[in-house]
Structure formats: C-alpha cells, structure tokens
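Peer 1: Okay, handing you the structure first.
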Amino acid sequence: MVVVLDKNVADKQIENVIKHLEDFGFAVHKSTGVEQIVLGAIGVKPDFDIRKVKILDGVAEVYRITEPFKLASRSFKKENTEIKIKDVTIGSNEVVVFAGPCSVESEKQIFTIAEIVFKSGAKVLRGGAFKPRTSPYAFQGLGEDGLKLLRRAGDKFNLLVITEVMEISHIKLIEEYTDIFQIGARNMQNFSLLREIGKASKPVMLKRGLAATVEDWLMSAEYILSNGNMNVMLCERGIRTFETYTRNTFDLSAIPVVHKRSHLPVVADPSHATGLRDKVLPMARAAVAAGADALMVEVHHDPENALSDGPQALLPDQFYEMMRQIKLIAEVIGRKI
Ligand code: PEP
Ligand code: MN
C-alpha cells in the first residue's frame, strides 16, 4: 500500500501515520519526494480496509497495490484456467459458443432450437428453467420439467447444457441435469448461494452484476473458489449506465481487464448486454476480437412469441451468420471456433 501525505504535513502527523501503520502490522518505508512524502506500507492483508488510513490527518491519498482477491488472481495462478467438460474446453484457444433460448418453454421449442444450435457448430445449449424475472407476474420458467427438457435436447444433439440456479435449495436438483451452473447478474452478490455453489462439483458461470465493478465481480468469484470449486468462468453481460438506447452497456473493456487480473475464462453475452437483436451480431464480433473465451447468445425460431427476452433473440439465419462471421474474426487473432 502506498500512502501519499499532504504537501504541508506536520512532523507530528507523519509520526502519527507511521505509528498507526505499524500498529496495523505494516513495515513502513518513508521516502521524501520533491513535493510530497510517500510512505510504503509493506505486508497488506487482503481484507485490510484502506479507509482506516485514508481518514488519518495528513494523508492525501492511499493506493492499494495488492489485490483483495487471491485465488482468482493472476498472481496466484499465471496460466489461464481451462475448464474441461466432456469434449469441450473453455479457456483454451478455441472460442466456445453457448446458444439457446432465454427460457425453456416447451418440448417443441427447445428441440427446435437445439437443432439450430447443433447445426451452427456451437457446443453448449442454454435455457433457463428457473427464471429471475424483474416482475413477479412474468413467466418464471418451467422448473424441473424445463431442466428435463433441456437435458434431453442437449443429449439428442450432443450439446452441453447450461442453466441458471437461483436458490441454494435447487443446487442438488439442477446438478443432476446441467453441465454448467449459471449464476445470474441479480445473484452475483448472493453470498450464501456463492458459498454453496463453491461446494458443488460442476463448473459455474458467474454473470457480472448490474452495477458491479470488476473488483466486486472477482470478489464474488473468490467466494466460489475459496469454497473449493475452481471451475469458474466469468460472464460480462452489460452493466447499468445512463444510456437508454440499449438495455445495458456492454463493457467490452472488462474482457482484457479481467484477463490481465485473473486466470479465469471470460464469456461475453451480447444478448443481455444490448437487449436488441440487431445489436447482437456486431457486439459478438467485437467480443471475440476483444479476446472473449466464449460467447453466450440467445436464439429463438419464433421470438415474437417467446415467453421471455424475444426482442434480443437472434433469428436462426442471423445466428448462422453470426457464427460465420465470428469464425473469421477468431482466425484473425489466432483462435478458432
Ligand atoms: C439470462 O441469461 O437469461 C439472464 C437472466 O441473464 P442475466 O442474469 O445476465 O440478466
Ligand atoms: Mn434472457
């Protein structure tokens, strides 16, 4: 931690700051610059609250150098984490595509879409059975029946499946059917759910919260990792800003930012990030170009009648075109799809 002192700091204040830092357990190194005195505090613990130093008299700025997350950090693990599930690896040179409807709606719907997903070359079928809806009156998902349909459709077309878990009490049930657990944006800081999913044996995709910083998001991943589940991927799905022309603002820069700070794979979801199907293709291209390890997109053969998120679902032809284009982009950056 670096502590920059006020320009006109008094000797007594300097002594007081140093004494506090030593009492907190730090070794202190003082250097006198041309304008300001800087104290280097060595031995910062991950959970140290730097505000304890910020409020001391004579302190101008405090910077943390070490990150508060540990297991998720690049300094803990240099190599990229590769998550192997059956014959699919997420976090390798291959960009994996997850696609499917927002919600599993019926047998006919999920089998029709699974066939489209299979034909496109995507590897993972998505579909919510337990849906986190903003309105309690909106379609809440088919529950266990939806899980069964998703699994059957995935098995028929040799696709992995991913579905959302919203409650601790559903973990065991969902684990029987899914290959990957999805933790939704609204549950990114449901810490008791994160702890329990950390004890589960299947990989987890953790979506970024609507108003979460990258650090908040990595701290949430830390909850899962520190409970033993090391197969965590992070999903950028857009954040809330003042912009209204898109549903959320797609934070593409989060992809290289996370890659620098963490070894965990990053999935990009341009469907929830933009909320409009005509924005999904350009942002999918951009996400692959920015280095996403996987893409998640919503696809529907009849989006006008979809029970959730129809306006952002790609039509089958748009989806095939997206696959064609992102293959080209992947090649340019030395990856494949
Ligand atoms: C979803 O993937 O359908 C979903 C609800 O996403 P999010 O949690 O990002 O809103
Ligand atoms: Mn959705």
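The values are calculated or read from the model by the stated rules, or taken from the named source; none is laboratory data. Keep in mind it's a predicted model, so treat the numbers as computed, not measured. With ideal geometry, Cβ positions are generated from the backbone for all residues, glycine too; neighbour counts draw on all protein chains shown. Only protein heavy atoms, including side chains, enter the accessible area calculation; ligands, DNA and RNA are left aside. Shrake-Rupley method; radii C 1.70, N 1.55, O 1.52, S 1.80 Å.
Peer 1: Check M296, M323 and return the single one that is open to solvent by less than 10 Å² (accessible area, probe 1.4 Å), within 16 Å of ligand 1 (Cβ to nearest atom) and within 23 Å of the chain's Cα centre (by Cα).
Peer 2: Values: M323 fails: within 16 Å of ligand 1 (Cβ to nearest atom).
Going through M296, M323 in turn, the sole match is M296.
Peer 1: (1) away from ligand 1 (no atom under 15 Å from the Cβ); (2) within 27 Å of E94 (Cβ to Cβ); (3) out of contact with any Phe, Trp or Tyr (no Cβ under 7 Å at 6 or more places or on another chain); (4) aliphatic (A, V, I, L, M): which one isn't true of I168, the others all being true?
Peer 2: Of (1) away from ligand 1 (no atom under 15 Å from the Cβ); (2) within 27 Å of E94 (Cβ to Cβ); (3) out of contact with any Phe, Trp or Tyr (no Cβ under 7 Å at 6 or more places or on another chain); (4) aliphatic (A, V, I, L, M), only one is false for I168: (2).
Peer 1: Within the range 13-64, which residues are of a type in the set (A, V, I, L, M, F, W, C) and under 30 Å from the mean Cα position of the chain (by Cα)? Please lay out each step first, then the result.
Peer 2: Initial filter on the range 13-64 (of a type in the set (A, V, I, L, M, F, W, C)): 14, 17-18, 21, 24, 26-28, 34, 37-39, 41-42, 44, 48, 50, 53, 55-56, 59-60, 62.
V44, F48, I50, V62 - these are the residues of the range 13-64 that are of a type in the set (A, V, I, L, M, F, W, C) and under 30 Å from the mean Cα position of the chain (by Cα).
Peer 1: Give just the number: which of (1) among the aliphatic types (A, V, I, L, M); (2) over 17 Å from S308 (Cα atoms); (3) within 15 Å of ligand 1 (Cβ to nearest atom) does I90 not satisfy?
Peer 2: (3)
Peer 1: Would you point out the residue of the range 148-158, among those that are more than 15 Å from ligand 1 (Cβ to nearest atom) and in a helix (DSSP H, G or I), that is most open to solvent (accessible area, probe 1.4 Å)? Break it down stepwise before answering.
Peer 2: Taking the range 148-158 as the starting set, the residues that turn out to be more than 15 Å from ligand 1 (Cβ to nearest atom) are 148-149, 151-158.
Right, trim to in a helix (DSSP H, G or I) and you get 148-149, 151-156.
Values: K148: 91, L149: 24, R151: 36, R152: 118, A153: 0, G154: 0, D155: 92, K156: 138 Å².
Among residues in the range 148-158 that are more than 15 Å from ligand 1 (Cβ to nearest atom) and in a helix (DSSP H, G or I), the one most open to solvent (accessible area, probe 1.4 Å) is K156.
Peer 1: Looking at L276, L252, L264, L281, can you tell me which residue is under 15 Å from K207 (Cβ atoms) and either under 12 Å from the mean Cα position of the chain (by Cα) or not charged (D, E, K, R) (or both)? So that I can check it myself, show each step before the final result.
Peer 2: Numbers: L276 fails: under 15 Å from K207 (Cβ atoms); L252 fails: under 15 Å from K207 (Cβ atoms); L281 fails: under 15 Å from K207 (Cβ atoms).
Of the residues listed, the single one that is under 15 Å from K207 (Cβ atoms) and either under 12 Å from the mean Cα position of the chain (by Cα) or not charged (D, E, K, R) (or both) is L264.
Peer 1: Can you pull out every residue in the range 61-88 that is open to solvent by 60 Å² or more (accessible area, probe 1.4 Å) and assigned to a strand (DSSP E or B)?
Peer 2: E61, Y63, K84
Peer 1: Can you tell me how many residues in the range 100-120 are open to solvent by less than 40 Å² (accessible area, probe 1.4 Å) and either touching a Cys at 6+ places or on another chain (Cβ under 7 Å) or in a loop (DSSP other than H, G, I, E, B) (or both)?
Peer 2: Result for the range 100-120: 4.
Peer 1: Right, next: For the range 276-293, give me the residue count where each residue is under 25 Å from T163 (Cβ atoms), assigned to a helix (DSSP H, G or I) and more than 16 Å from ligand 1 (Cβ to nearest atom).
Peer 2: Of the range 276-293, the ones under 25 Å from T163 (Cβ atoms) are 276-277, 279-281, 283-284, 287-288, 292-293.
If we keep only those that are assigned to a helix (DSSP H, G or I) too, we end up with 277, 279-281, 283-284, 287-288.
Those left that are additionally more than 16 Å from ligand 1 (Cβ to nearest atom): 281, 288.
Adding up the residues that qualify gives 2.
Peer 1: Tell me, yes or no, whether the range 256-263 has at least one residue that is assigned by TED's automatic domain parsing to the domain that holds G184, away from ligand 1 (no atom under 14 Å from the Cβ), of a type outside the set (V, I, T) and crowded, with 24+ Cβ neighbours inside 10 Å. Reasoning before the result, please.
Peer 2: Just the residues of the range 256-263 that are assigned by TED's automatic domain parsing to the domain that holds G184, to begin with: 256-263.
Add one more test, that the residue is away from ligand 1 (no atom under 14 Å from the Cβ), and what stays is 256-263.
In the following step, the residues that additionally are of a type outside the set (V, I, T) were identified as 256, 259-263.
Adding the requirement that they be crowded, with 24+ Cβ neighbours inside 10 Å leaves 262.
Yes, some residue in the range 256-263 is assigned by TED's automatic domain parsing to the domain that holds G184, away from ligand 1 (no atom under 14 Å from the Cβ), of a type outside the set (V, I, T) and crowded, with 24+ Cβ neighbours inside 10 Å.
Peer 1: Of all residues in the range 73-127, how many are without any contact (Cβ under 8 Å) to a residue 12 or more places away in the chain and β-branched (V, I, T)?
Peer 2: Total meeting the criteria: 1.
Peer 1: Return yes or no: is A211 surrounded by fewer than 21 Cβ atoms within 10 Å (Cβ to Cβ), touching a residue at least 24 places away in the same chain (Cβ under 8 Å) and under 16 Å from D251 (Cβ atoms)? It would help to see each step written out before you state the result.
Peer 2: Details: surrounded by fewer than 21 Cβ atoms within 10 Å (Cβ to Cβ): yes; touching a residue at least 24 places away in the same chain (Cβ under 8 Å): yes; under 16 Å from D251 (Cβ atoms): yes.
Taking the combined requirement at face value, the residue satisfies it.
Peer 1: Right, something else. Limited to the range 214-233, what total is found for residues that are in a helix (DSSP H, G or I) and open to solvent by less than 10 Å² (accessible area, probe 1.4 Å)? Can you show your working first?
Peer 2: Initial filter on the range 214-233 (in a helix (DSSP H, G or I)): 214-225.
With the extra rule that they be open to solvent by less than 10 Å² (accessible area, probe 1.4 Å), the set shrinks to 217-218, 220-221, 224-225.
Number of matching residues: 6.
Peer 1: Let me ask you something else. Are any residues in the range 111-138 polar (S, T, N, Q) and more than 16 Å from ligand 2 (Cβ to nearest atom), and if so, which ones?
Peer 2: T112, S120
Peer 1: Let me ask you something else. Checking the conditions here, which among G128, G141, G91 is open to solvent by less than 50 Å² (accessible area, probe 1.4 Å), closer than 24 Å to L206 by Cβ, in contact with a Cys (Cβ under 7 Å, 6 or more places away or on another chain) and not hydrophobic (A, V, I, L, M, F, W, C)?
Peer 2: Values: G141 fails: in contact with a Cys (Cβ under 7 Å, 6 or more places away or on another chain); G91 fails: in contact with a Cys (Cβ under 7 Å, 6 or more places away or on another chain).
None of the others qualify; the one that does is G128.
Peer 1: Next question. If we scan the range 301-310, do we find a residue that is within 16 Å of ligand 1 (Cβ to nearest atom), assigned to a loop (DSSP other than H, G, I, E, B) and open to solvent by 50 Å² or more (accessible area, probe 1.4 Å)?
Peer 2: Let us first name the residues in the range 301-310 that are within 16 Å of ligand 1 (Cβ to nearest atom), namely 303, 306-310.
Those still in the list that are assigned to a loop (DSSP other than H, G, I, E, B) too: 306-309.
Keeping just the survivors that are open to solvent by 50 Å² or more (accessible area, probe 1.4 Å) gives 307.
Within the range 301-310, one or more residues are within 16 Å of ligand 1 (Cβ to nearest atom), assigned to a loop (DSSP other than H, G, I, E, B) and open to solvent by 50 Å² or more (accessible area, probe 1.4 Å).
Peer 1: Another question about this same structure. Across the range 234-275, what is the total count of residues that are β-branched (V, I, T) and not in a helix (DSSP H, G or I)?
Peer 2: First, the residues of the range 234-275 that are β-branched (V, I, T): 239, 241, 244, 246, 249, 255, 257-258, 266-267, 274.
From what is left, the residues that are not in a helix (DSSP H, G or I) are 239, 241, 244, 246, 249, 266-267.
Within the range 234-275, residues that are β-branched (V, I, T) and not in a helix (DSSP H, G or I) number 7.
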